[in-house]
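These notes concern the structure reproduced below.
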C-alpha cells in the first residue's frame, strides 16, 4: 500500500479529485500490478482512504462540504459532521457520501466548538475563495481540545495551474492558560513545474554556450593549421614553369 500512497502523492491534483481520472489511475495500476483484481481493489481503496484523510479532502453531504480528517473518522467508513451533528459513510474511490444519520456529539465541548466554528467559518469565507472548514471538539491525552481544519483548492489544468492549501489548528482547554499549535501545508504545481523547466533551461543554455565556445576555439585552431599562400596578384605562366631549369633537372633525375 505504501507504493500506492507514493503514486497518489505524486499524481497531479486534478487526477486525485476528478473521479474519472482517479479511476483511470486505478485501472492502469490494476492492469500492470500483476495481482488479483480483488487484491488490487482493496489495496487501492485503502490507499485512497489514507490519502483523503491526510489531505483533508472535502465531500458533499446534503449540499454542504465536510472535510475528511482523522478527527472525524468514526470507523468502518463513517465520518462525523460536527456542525450538523450527523454521521455519513464515504466511498473513498468515488468520494460520495451515503447513509446519513444523526450523531450525538460531546455535549460538554459543543459550546466551545460551535463558538470557534462560527468565527472560523466567517474567516474562511472572507480569506479563502473556495475554502472549507470543519471544527471538532475532542478529548485527547492532553485534555479537552478544539481542532480546526481548513482546506482550500483551485484546479485549472487548462492553464497548467493547480494549488492546494490545508491547515490544522489545535488548542487544549486547560485554564488558566492554553497552548495553540498549528501546521500549514501548501502544494502549488505551477511553481514546481516552472522550477523544473527553469532547471532544464539553465542546463541547456550552459551546454550551448560551452558548445559554441568549443566550436570557436576549434575554428581558430584549424585556421592556424592551414598554410597561408602569398598574394602576388599575378597570373602563373605554366609554360615557364614547365620549361624552367628546376623542372628539367627533376625530369633528368627521374630518367636516370
For residue 122 and residue 63, what is the calculated FRET efficiency with R₀ set at 25 Å and r taken between the beta-carbons, to the nearest 0.05? 0.80
How far is it, in nm, from the label point at residue 108 to the one at residue 220 when both lie 7 Å from their Cα along the line to the Cβ? 8.6 nm
Report the FRET efficiency, 1/(1 + (r/R0)^6), for residue 41 and residue 177, where r is their Cβ-Cβ distance and R0 is 41 Å, rounded to 0.05. 0.25
As an exercise, use a Förster radius of 41 Å and the Cβ-Cβ distance of residue 84 and residue 200 to find the FRET efficiency, rounded to the nearest 0.05. 0.25
Given 204-212, 79-87, 55-63, the highest-first ranking by average Cβ count within 10 Å works out to 79-87, 55-63, 204-212
I need the peptides 111-123, 38-50, 168-180 ranked by packing, meaning the mean over residues of other C-beta atoms within 10 angstrom, with the highest value on top. 38-50, 111-123, 168-180
For 215, 130, 136, 155, order by how many other beta-carbon atoms lie within 10 Å, fewest first: 215, 130, 155, 136
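Every number here is computed from the coordinates shown, using simple stated rules; none is lab data. This one's a predicted model, so the numbers in the text were calculated from it and none came from an experiment. Please note: Cβ atoms are built from the backbone with ideal geometry, for glycine as well, and neighbour counts cover all protein chains shown.
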